[in-house]
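Asks: Provided herewith is a single structure, encoded as structure tokens, for subsequent inquiry.
The values are calculated or read from the model by the stated rules, or taken from the named source; none is laboratory data. The shown structure was predicted, so the numbers you read here are calculated from the model rather than taken from an experiment. Cβ: placed from backbone, ideal geometry, glycine included. Neighbour counts: every protein chain shown. We work out accessible area using only protein heavy atoms, side chains counted, and drop any ligands, DNA or RNA first. Shrake-Rupley method; radii C 1.70, N 1.55, O 1.52, S 1.80 Å.
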Amino acid sequence: MRTLKLSIKQKYLNAIKDGRKVQEFREVRPNNIEKYLQLDSNGFEIEDENANALPIEYDAILFTSKESGDTALVEVKGARCEIMVDENRNPIEYEYGGNIWVVERVVYDLGKIIEHTVSSRTSNNNNS
């Protein structure tokens, strides 16, 4: 199983476990592009026929709360890239390392919870 590991705030982890949060959004940046997008041998994004970047296909995401240590392994039902646009529907751009980058994010559609754990830190806090 191909699994993406992500840190998340406890309140969002709870919302995923409760079924209230069904999507996860992650901004693609130069320092994390290899984690989220399919790249060719030269390090450039692989795109579909509509020039949208293709996300790496993960089977699941392992969410971990930094606050509590709780985890949830959640099925990924689908993923897609979205280019962020301004009020005039123009792509938002920024410069990094002498190159122009377009602000984009990966949207993960979340499925069922495969497993979850409650950290001893959470258990101890609940017993206080």
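Asks: Of all strands (runs of 3 or more DSSP E) completely enclosed by the stretch 19-115, which ones contain at least 1 residues that are of a type in the set (Asp, Glu)?
Replies: Where strands (runs of 3 or more DSSP E) fall fully within the stretch 19-115 and carry at least 1 residues being of a type in the set (Asp, Glu), they are 23-28, 71-83, 93-96.
Asks: Right, something else. Consider Ile33 against the criteria (1) farther than 26 Å from Glu95 by Cβ; (2) of a type in the set (A, V, I, L, M, F, W, C); (3) over 11 Å from the mean Cα position of the chain (by Cα): it satisfies all of them except one. Which criterion is unmet?
Replies: (1)
Asks: Okay, next question. Could you look through the stretch 1-41, keep only residues that are basic (Lys, Arg) and open to solvent by less than 60 Å² (accessible area, probe 1.4 Å), and pick out the one that is modelled with the lowest pLDDT?
Replies: Only one residue tops the list, namely Lys17.
Asks: Kindly provide the set of residues from the stretch 103-122 that are at pLDDT below 95 and open to solvent by 50 Å² or more (accessible area, probe 1.4 Å), ordered by number.
Replies: Selection gives His116, Thr117, Val118, Ser120, Arg121.
Asks: Say we look at the stretch 42-68 and pick out the residues that are farther than 24 Å from Pro91 by Cβ and at pLDDT below 95; which of these is surrounded by the most Cβ atoms within 10 Å (Cβ to Cβ)?
Replies: So, considering only residues that are farther than 24 Å from Pro91 by Cβ and at pLDDT below 95, the one surrounded by the most Cβ atoms within 10 Å (Cβ to Cβ) is Ser68.
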